[in-house]
Amino acid sequence: MNSVIVKKVSLGSYVWMFTVSFILVGAVLGVVAFLASLSGAPIENAIFGRNFAGVQAGALSLVLSPGVFGILGAVTGALSYLPFSAALRVFRGFRIYGQFDP
């Protein structure tokens, strides 16, 4: 396993990492909500003033959660970029392990 020391990350890469991570979390939660609605759990959604319940709400969660979480991830990444960059300077980077292309 190789390691590299990250000393600087571009804003675009940082926001993209957060966006993709949050989309995946949203997809997992959407699947969980959909499966729960299929099993009879009381799932409810309110979208644009309309209320949905049951399997309909679960299906909406499955479809809409990744997008909503992706937007939240982009905003979170944009807002946390400056503190993260400051932390990289203070700690002189951080080491990550993995497989990297040159």
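For the pair A87 and L29, a Förster radius of 25 Å applied to the C-beta separation gives a FRET efficiency near 0.35, rounded to the nearest 0.05. Of S39, S65, S21, the residue with the greatest mean-square motion in the GNM of the chain, using alpha carbon springs below 10 Å, is S39.
Can you compute the helix-only [θ] at 222 nm over the chain? Use -39500 (n - 2.57) per DSSP H run of at least 4 residues, normalise by all residues, nearest 500 deg cm²/dmol.
Computed ellipticity for the chain at 222 nm equals -23000 deg cm²/dmol.
Global dimensions of the chain from alpha-carbon coordinates: Rg and Dmax equal 18.5, 52 Å. Take the chain and mark each of the trypsin sites (Lys or Arg not before Pro) that is in a DSSP loop with at most 12 other Cβ atoms within 10 Å; the longest unmarked stretch, sites excluded, is 9-91.
Semi-axes of the equivalent ellipsoid for the range 16-70, computed as √(5λ) from the eigenvalues of its C-alpha gyration tensor and ordered from largest down, come to 21, 13, 6 Å.
If you run the Gaussian network model on the chain, springs between alpha carbon atoms under 10 Å, then out of G77, G54, G26 the most flexible one is G54. For the residues A57, A87, A46, a GNM of the chain with alpha-carbon springs under 10 Å puts the largest fluctuation on A46. Using 0.36 nm per residue and subtracting the Cα-Cα separation, the extra length available between L38 and S3 on full extension is 8.2 nm.
Taken together, the values in this text are just the output of simple stated rules run on the coordinates, not laboratory data. In this text, all values refer to a predicted model and were calculated from it rather than measured experimentally. Neighbour counts run over all protein chains shown; Cβ positions are idealised from the backbone, glycine included.
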